[in-house]
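The values are calculated or read from the model by the stated rules, or taken from the named source; none is laboratory data. Model, not experiment: these values are computed from the prediction. With ideal geometry, Cβ positions are generated from the backbone for all residues, glycine too; neighbour counts draw on all protein chains shown. Please note that ligands, DNA and RNA were not included when accessible areas were found on the heavy atoms of the full protein model with its side chains. Shrake-Rupley method; radii C 1.70, N 1.55, O 1.52, S 1.80 Å.
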Amino acid sequence: MANSLQAAKRARQAVGRRARNMSARSKLRSAIGKAVRALDSGNAEEAAAAYREAAPVIDSMADKGIIHANKAARHKTRLNKRLKSLSSN
């Protein structure tokens, strides 16, 4: 329990921020999952479209501080690597 008005306000703000961050993180995971499922299906065109949709979402979450920039780069690199290997087969 907050002992001051300032601490009470910070607690209220934290609840809203947590909800917003959880929603954004869910959107990120959904985009990555959709791209992974498309890659697993083996359809190169569908996978490329899913990657094109996921990349800006990943970048946006990194810009907002939901995930670290290096983590965003790692996700994009791994997805792109799988996409290229799928396209070359």
Residue pairs meeting the criteria (Cβ under 9 Å; at least 6 apart or on separate chains; first at pLDDT below 95, in segment 1-25; second among the polar types (S, T, N, Q) and open to solvent by 60 Å² or more (accessible area, probe 1.4 Å)):
none
Find the residue count for segment 24-74, including only residues that are in contact with a Lys or Arg (Cβ under 8 Å, 6 or more places away or on another chain), over 25 Å from LEU86 (Cα atoms) and part of a helix (DSSP H, G or I).
3
Return the only residue of ALA44, ALA54, ALA50, ALA72 being in contact (Cβ under 8 Å) with a residue 12 or more places away in the chain and more than 19 Å from SER26 (Cα to Cα).
ALA44
Enumeration of residues in segment 60-81 that are among the β-branched types (Val, Ile, Thr) and open to solvent by 60 Å² or more (accessible area, probe 1.4 Å):
THR77
Enumeration of residues in segment 26-41 that are free of Cβ contacts under 8 Å to residues at least 12 places away in the same chain and under 23 Å from GLY65 (Cβ atoms):
SER26, ARG29, SER30, GLY33
Kindly indicate the residue of segment 1-23 that is loosely packed, with under 11 Cβ neighbours inside 10 Å and not in a helix (DSSP H, G or I) and also nearest to the chain's Cα centre (by Cα) among those meeting that condition.
MET1
By residue number, the members of segment 36-73 that are at positive phi and under 16 Å from the mean Cα position of the chain (by Cα) are GLY65
